[in-house]
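See below for the structure under consideration.
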Amino acid sequence: MVNIPNSITVVRALIVPLFIMAVHYKNFKIALLLFIIAALSDAVDGFLARKLKQVTIVGVIMDPLADKALIDSAFIVLSFVHKIIPPWLTILVISRDILIIVGGWLLTVFGKLDRIKPILIGKFTAFSQFLTIFFTLLHLNFNNYYLDILLEFLYPLTGSMTVISGVSYVVIGIKELGSE
């Protein structure tokens, strides 16, 4: 269904390749701007979908996929191309997202699509991952001692939250698959 929130999600998905190119070619100012636009659009499309009562199955599926495309591509490029974000953190982020996607697929196959719901720790994890990318891009634009200190704190925090939420989703998924 074409509506304003879904259109915003499509635009966010289209920003992803532009963001990847900006980071790859070390145009970190443009990358930061694109990332901010994408992050704000994520908040706006969710708000509008609820406010306008335009929540659709397409939006429910597309929105998290657009988020994962942005977050995962940012972690990959900033970790393995530019060697800024530690690889262990990128591996944790990607592994968690694969678990969530496979788990969602399994719940769908077993007819439990209606039971797929985000959990609070998952939302906090996504927020910490967005913050990690945001502050990493800020660091690349404004090499600052305080940003270095913040990132040294943020990387392990984001990694811990990623692991905790990943385990939480696996436990919930196993319980859902075992229930009638």
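The values are calculated or read from the model by the stated rules, or taken from the named source; none is laboratory data. Predicted model, so just to flag it, every value in this text is computed and none were measured. Reconstructed Cβ throughout: ideal geometry from the backbone, glycine too, with neighbour counts over all protein chains shown. Note: accessible area is taken over every heavy atom of the protein model, side chains too, but ligands, DNA and RNA are not part of it. Shrake-Rupley method; radii C 1.70, N 1.55, O 1.52, S 1.80 Å.
What to note about this one:
- Scope the stretch 129-180; condition of a type in the set (S, T, N, Q) and surrounded by 18 or more Cβ atoms within 10 Å (Cβ to Cβ); matching residues: GLN129, THR132, THR136, THR158, THR162, SER165
- Any hit, the stretch 3-16, residues being without any contact (Cβ under 8 Å) to a residue 24 or more places away in the chain, assigned to a loop (DSSP other than H, G, I, E, B) and either surrounded by fewer than 16 Cβ atoms within 10 Å (Cβ to Cβ) or at positive phi (or both): no
- Count of residues meeting criterion [assigned to a helix (DSSP H, G or I) and either in contact (Cβ under 8 Å) with a residue 60 or more places away in the chain or out of contact with any Ser or Thr (no Cβ under 6 Å at 6 or more places or on another chain) (or both)] in the stretch 98-128: 20
- Lone qualifier among SER73, SER95 - being part of a helix (DSSP H, G or I), open to solvent by 50 Å² or more (accessible area, probe 1.4 Å), over 22 Å from ASP148 (Cβ atoms) and hydroxyl-bearing (Ser, Thr, Tyr): SER95
- ASP114 meets all of the listed conditions (1) of a type in the set (Asp, Glu); (2) over 23 Å from LEU33 (Cα atoms); (3) open to solvent by less than 60 Å² (accessible area, probe 1.4 Å) but one, namely (3).
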